[in-house]
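Below is one structure, written out as structure tokens; the observations come after it.
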Amino acid sequence: MESLRIAASHRTPLLLPAPHQLRRRHLAAVPLSLPHTSLYLSLSSHRHHRLAPTPLHRRIPTLLASQTPNPEADSPAPGGAKLVPLLASLAVGLAVRFLAPRPAEVSPQAWQLLSIFLSTIAGLVLGPLPVGAWAFLGLTAAVATHTLPFAAAFSAFTNEVIWLIVISFFFARGFVKTGLGDRIATYFVKWLGGSTLGLSYGLTISEAFIAPAMPSTTARAGGVFLPIIKSLSLSAGSKPNHPSSRKLGSYLVMSQFQAAGNSSALFLTAAAQNLLCLKLAEELGVIVANPWVAWFKAASLPAIASLLATPYLLYKIFPPETKDTPDAPAIAADKLERMGPVTKNEWVMIGTMLLAVSLWVFGDAIGVSSVVAAMLGLSILLLLGVLDWDDCLNEKSAWDTLAWFAVLVGMAGQLTNLGIVSWMSSCVAKLLESFSLSWPAAFCVLEASYFLIHYLFASQTGHVGALYSAFLAMHVAAGVPRVLSALALAFNTNLFGALTHYSSGQAAVYFGAGYLELPDVFRMGFVTALINILIWGVVGTFWWKLLGLY
């Protein structure tokens, strides 16, 4: 859940990342408390206390030294927008507004809104300001220039799907706060962790298991799986930012990173962008009946095939130096023993999520919408004290997401209403017709274009807000079956989350762990993308035909 930023303070050098990590400006933060960080210490102590923490009396001088005044460190970082990205982002919109000829079939209002929208998208890519701030500037421009009335500009802030996404952040916090996600993953490590490959499968399967009830890939990465992977790697002598990283940590991080997209694609509620995709499809008149079940049926076979193939194929082409991990099951068993029995809050979390998922699956039949199911679940967690309101208030990423998602969705919806999307799709359809492409060929061209364009984006949800509606309209105009178009684009949105170190929130989390080199991320991201395309293209083609999607 993506494009979540960490601001690095220069006041406390002790806490700064290593120099080679400073370039990772896309590093995403998961603002979740991590009660299970003790796993690092507990697993380390299992290995003869090799990684025991530094005693307090030895740390105090270092901490005090870090507070020594430093004029250079104490000088505040320059505020405001970054000049070059700001000028470039504005130039995109101004060029469209004043230099590009307006088609006769497009109204001046629609053309002006398109210029503001494109400038907003350019800013999300180039980053002159944080995404929420830049989106607000775009919204302000639309209202101040009378391109949109205030009510229309802010209409998306009441969008049910956006609030469902916000509540999903709170659910993810509940999983991490109670330790339930950690417990589930540790069980799979205990059962399957006797070898490095088995350990990878255990982590991958556990993520797929909790994904439908923990609707944030970024939260799963930073709040559950990365701490476990780091602990297991360190206990095996595999350290980040060190030659030993290839012993175990690099493979486990890469495998989990590359497999996470398939876990997110498997369930409608496994990632925020899934819900956003179907909402945008609905605004274009593409209705997916019984969406949770329809999504799972369409994704199940190709996603499961990719989940089973990814750890093994990476084991062959990106092999770890350590092949066996005989200590991992014992470490996990020891951790579970010290965790004790399942707590009351964990049982409440289990029951609440079973209720929420059940209502997501069967809600249409009984008249309960997805957002109402999520509201009921959050209300239960608040009433029973699993979460308190401060937990919700401190979930800054949720409120930031509300702000900039609503802006993008609102602008995209108004572009659709004003006829821009239909005009663009008809132009593309005529272009495809000039090449005499059948709808299957057009489908492949459009899907590949949608996928590869993500190299320009640092957010899956930003990509959806910017391009999903336009590409779906192009699919429909080219004659691709409507529901197949909507679902395939949505599945694609999950799969390109592992292309680069900046392509998603979880990408930044895993890359920031220090176990992956940048060339490896790009190389394995591209190779795994080809593998996923092959699996989803072959398996999905037959499966979707069997399901009657075309």
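The values are calculated or read from the model by the stated rules, or taken from the named source; none is laboratory data. Just so it is clear, the model here is predicted, and its values are computed rather than measured. A quick note on method: Cβ atoms are made from the backbone with ideal geometry, for glycine too, and the neighbour counts reach across all protein chains shown. When the accessible area is computed, the model is the full protein with side chains, heavy atoms only, and any ligands, DNA or RNA have been set aside. Shrake-Rupley method; radii C 1.70, N 1.55, O 1.52, S 1.80 Å.
Carbon-plus-sulfur fraction of the accessible area of the chain, 1.4 Å probe, in percent? Show your work: numbers first, answer last.
Values: 15690 of 22880 Å².
Roughly 69 percent of what the probe reaches on the chain is carbon or sulfur.
Mind jotting down a quarter of the surface of the convex hull over the alpha carbons of the range 294-333, in square nanometres, one decimal? List each step's numbers first, then the result.
Details: hull surface 17.9 nm².
With every direction weighted equally, the projected area is 4.5 nm².
Distance between the C-alpha centers of the range 492-515 and the range 231-281? Whole Å please.
That distance is 8 Å.
Counting heavy atoms of the protein chains only and a 1.4 Å probe, report the per residue accessible area for the chain as a whole number of Å². List each step's numbers first, then the result.
Working: 22880 Å² over 550 residues.
Value returned for the chain: 42 Å² of accessible area per residue.
May I ask for the Kirkwood hydrodynamic radius of the chain, worked out over all distinct Cα pairs and given in angstroms to one decimal?
Details: mean 1/r = 0.0409 Å⁻¹.
This gives a value of 24.4 Å.
Return the whole-Å distance between the Cα centroid of the range 357-428 and the Cα centroid of the range 120-171.
Distance between centres, Cα-based: 13 Å.
Counting only helical runs of four or more DSSP H residues, what would the 222 nm mean residue ellipticity of the chain come to if each run contributes -39,500 (n - 2.57) and the total is spread over all its residues? Walk me through the numbers before you get to the answer.
Details: 27 runs with 361 residues, N = 550.
Helix-only estimate at 222 nm: -21000 deg cm²/dmol.
Once you charge only the Cβ atoms, +1 for Lys and Arg and -1 for Asp and Glu, what is the size of the charge dipole of the chain about its Cα centre, to the nearest 20 debye? Walk me through the numbers on the way to the answer.
Numbers: 33 positive and 25 negative charges, 218 e Å.
Magnitude of the dipole: close to 1040 debye.
Give me, ordered by chain and number, the residues 5 or more places off SER195 or on other chains with an amide H under 5 Å from its own placed amide H.
For SER195, the qualifying residues are THR325.
Would you be so kind as to identify which of SER449, GLY385, SER425 lies farthest towards the positive end of the dipole of the range 356-469, taking Lys and Arg as +1 and Asp and Glu as -1 on Cβ and the Cα centre as origin?
Projecting each Cα onto the dipole axis, the largest value belongs to SER425.
Considering the convex hull of the alpha carbon atoms of the range 81-169, report its projected area averaged over all viewing directions, in nm², one decimal. Don't jump to the answer; show the numbers that get you there.
Details: hull surface 27.3 nm².
Over all viewing directions, the range 81-169 projects a mean Cα-hull area of 6.8 nm².
Not counting ligands, DNA or RNA, and with a 1.4 Å probe, what is LYS323's accessible surface area in Å² rounded to the nearest 10?
For LYS323, the solvent-accessible surface is approximately 80 Å².
Which helices, counted as full DSSP H runs in the chain, have an axial Cα extent of no less than 30 Å and a Kyte-Doolittle average of -0.5 or above? Numbers along the way, then the final one.
Values: long enough: 291-317 (37 Å, 0.98); 344-366 (31 Å, 1.07); 396-417 (31 Å, 0.57); 518-547 (40 Å, 1.30).
The qualifying helices are 291-317, 344-366, 396-417, 518-547.
Could you tell me whether the range 120-178 comes out rounded, prolate or oblate from its Cα gyration tensor? Rule is a ≥ b ≥ c as square roots of the eigenvalues, rounded for a/c under 1.5, then prolate if a/b exceeds b/c, otherwise oblate. Before the final figure, lay out each step's value.
Working: a/c = 4.00, a/b = 1.66, b/c = 2.41.
Note, shape of the range 120-178 comes out oblate.
If ASP324, ASP334, ASP391 are ordered by their accessible area, calculated over protein heavy atoms with a 1.4 Å probe, which sequence runs from highest to lowest? Don't skip to the end; give the middle numbers.
Values: ASP324 105, ASP334 45, ASP391 20 Å².
If we order ASP324, ASP334, ASP391 from most to least accessible, we get ASP324, ASP334, ASP391.
For the range 355-459, run through the chymotrypsin sites (Phe, Trp or Tyr not before Pro) and keep only the ones in DSSP coil with at most 16 other Cβ atoms within 10 Å of their Cβ.
Numbers: sites: TRP360, PHE362, TRP389, TRP399, TRP404, PHE405, TRP423, PHE435, PHE443, TYR450, PHE451, TYR455, PHE457; in loops: PHE435, PHE457.
Counting only loop positions with at most 16 other Cβ atoms within 10 Å, the chymotrypsin sites (Phe, Trp or Tyr not before Pro) in the range 355-459 are PHE435.
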